[in-house]
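Chemist: First the structure, which I've put down as structure tokens, then a few questions once you've had a look.
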Ligand SMILES: [Zn+2]
């Protein structure tokens, strides 16, 4: 009888394997939920992620120290600091899918008192918001999440690393040629110096149109999954454009606004609205439990 069962099992194995194969074949058709973005750039691989994260960490500390000296660093009990950190805490768990390093990052969120309409997330998850962007634009939580998601997306998709990688090639390191392209392992220290020099400009990096579009899409998906209304992307950019008629916001110098941007966000809403609805329902279901003693 045992033998009979084994034979049966062996016979069954064939169709099971065939089934698995056919499942694999149709897998590409079952695209993941959410936005679609292209492959990450190979240029990023020219600079070790760790190297860039170290540079970012040092620069971040410098920014915080300068702000602290000017008594412009938001203390942990500041209402806006707490608000920003609460929003980040909801978004961060959804970042790991985009970049596995993100689960190891020492995420930090700080608020600097300044009229600048600006915010950023440096490689390694170092976030700063300026009071100017929150106050001048009177950002709602959803809009803050859209800005934060956008900036986090730049870090996750390693746009800074890609930029530095590209300039590593164009700024004299081209002489290293094939050796460099063979991968970043064992790159001579001179390349690392260039990376560090380029890193000095991490804050003023201007990303290309493609990177901006990618950050918009990935950012709105992150925010939606975290339970923030992705439609806030539209109102955010409308506010940003309106502010541009007065003193041009700092953020706009690196983030060209415009109707194409809003149109793209609107076109992608159907892809992320279901994620938002689901997150909102899950949050609502959890809320009563949280109130229990
Ligand atoms: Zn951007």
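The values are calculated or read from the model by the stated rules, or taken from the named source; none is laboratory data. Predicted model only: the values in this text are computed from it and were never measured. For neighbour counting, all protein chains shown are included, and Cβ atoms are generated from backbone atoms with ideal geometry for every residue, glycine included.
Chemist: Examine the range 73-89 for a residue that is in contact with a strand residue (DSSP E or B) (Cβ under 8 Å, 6 or more places away or on another chain), within 16 Å of the ligand (Cβ to nearest atom) and within 27 Å of residue 50 (Cβ to Cβ), and state whether such a residue exists.
Modeler: No; the residues of the range 73-89 include none that is in contact with a strand residue (DSSP E or B) (Cβ under 8 Å, 6 or more places away or on another chain), within 16 Å of the ligand (Cβ to nearest atom) and within 27 Å of residue 50 (Cβ to Cβ).
Chemist: Which of the numbered conditions does residue 213 fail, given that it passes all the others? Conditions: (1) part of a helix (DSSP H, G or I); (2) modelled with pLDDT under 95; (3) away from the ligand (no atom under 12 Å from the Cβ).
Modeler: For residue 213, the failing item is (3).
Chemist: Just a yes or no: is a residue in the range 217-232 within 11 Å of the ligand (Cβ to nearest atom) and modelled with pLDDT of 95 or more?
Modeler: yes
Chemist: If you check 263, 284, 289, which single one turns out to be at pLDDT below 95, away from the ligand (no atom under 16 Å from the Cβ) and closer than 23 Å to residue 137 by Cβ?
Modeler: None of the other options fit; the residue is 263.
Chemist: Hey, among 154, 159, which residue is in contact (Cβ under 8 Å) with a residue 60 or more places away in the chain and under 19 Å from residue 105 (Cβ atoms)?
Modeler: Among 154, 159, only 154 is in contact (Cβ under 8 Å) with a residue 60 or more places away in the chain and under 19 Å from residue 105 (Cβ atoms).
Chemist: From (1) more than 19 Å from the chain's Cα centre (by Cα); (2) at pLDDT below 95; (3) more than 16 Å from the ligand (Cβ to nearest atom); (4) surrounded by 14 or more Cβ atoms within 10 Å (Cβ to Cβ), pick out the condition that doesn't hold for residue 278.
Modeler: Tallying (1) more than 19 Å from the chain's Cα centre (by Cα); (2) at pLDDT below 95; (3) more than 16 Å from the ligand (Cβ to nearest atom); (4) surrounded by 14 or more Cβ atoms within 10 Å (Cβ to Cβ), residue 278 fails exactly one: (2).
The rows are residues; the columns are (1) under 19 Å from the mean Cα position of the chain (by Cα); (2) under 22 Å from residue 212 (Cα atoms).
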site	(1), (2)
86	yes, no
116	no, yes
120	yes, yes
158	yes, yes
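Chemist: If you don't mind, another one. What number of residues within the range 109-157 are surrounded by fewer than 22 Cβ atoms within 10 Å (Cβ to Cβ) and on the phi > 0 side of the Ramachandran plot?
Modeler: 1
Chemist: Give me the pairs: first residue in the range 29-57 and farther than 17 Å from residue 159 by Cβ, second residue surrounded by 19 or more Cβ atoms within 10 Å (Cβ to Cβ) and modelled with pLDDT under 75, beta-carbon distance under 9 Å, and six or more apart or on different chains, which are they?
Modeler: Here the result reads 54/199, each pair linking the range 29-57 to a residue that is surrounded by 19 or more Cβ atoms within 10 Å (Cβ to Cβ) and modelled with pLDDT under 75.
Chemist: Scan the range 233-247 residue by residue and report those that are in a helix (DSSP H, G or I) and away from the ligand (no atom under 14 Å from the Cβ).
Modeler: 234, 235, 238, 239, 241, 242, 243, 244
Chemist: Quick one: is residue 174 at pLDDT below 90, more than 26 Å from residue 130 (Cβ to Cβ) and in a helix (DSSP H, G or I)?
Modeler: yes
Chemist: Which one of the conditions (1) in a helix (DSSP H, G or I); (2) within 12 Å of the ligand (Cβ to nearest atom) does residue 207 fail to meet, given that it meets all the rest?
Modeler: Among (1) in a helix (DSSP H, G or I); (2) within 12 Å of the ligand (Cβ to nearest atom), residue 207 violates only (1).
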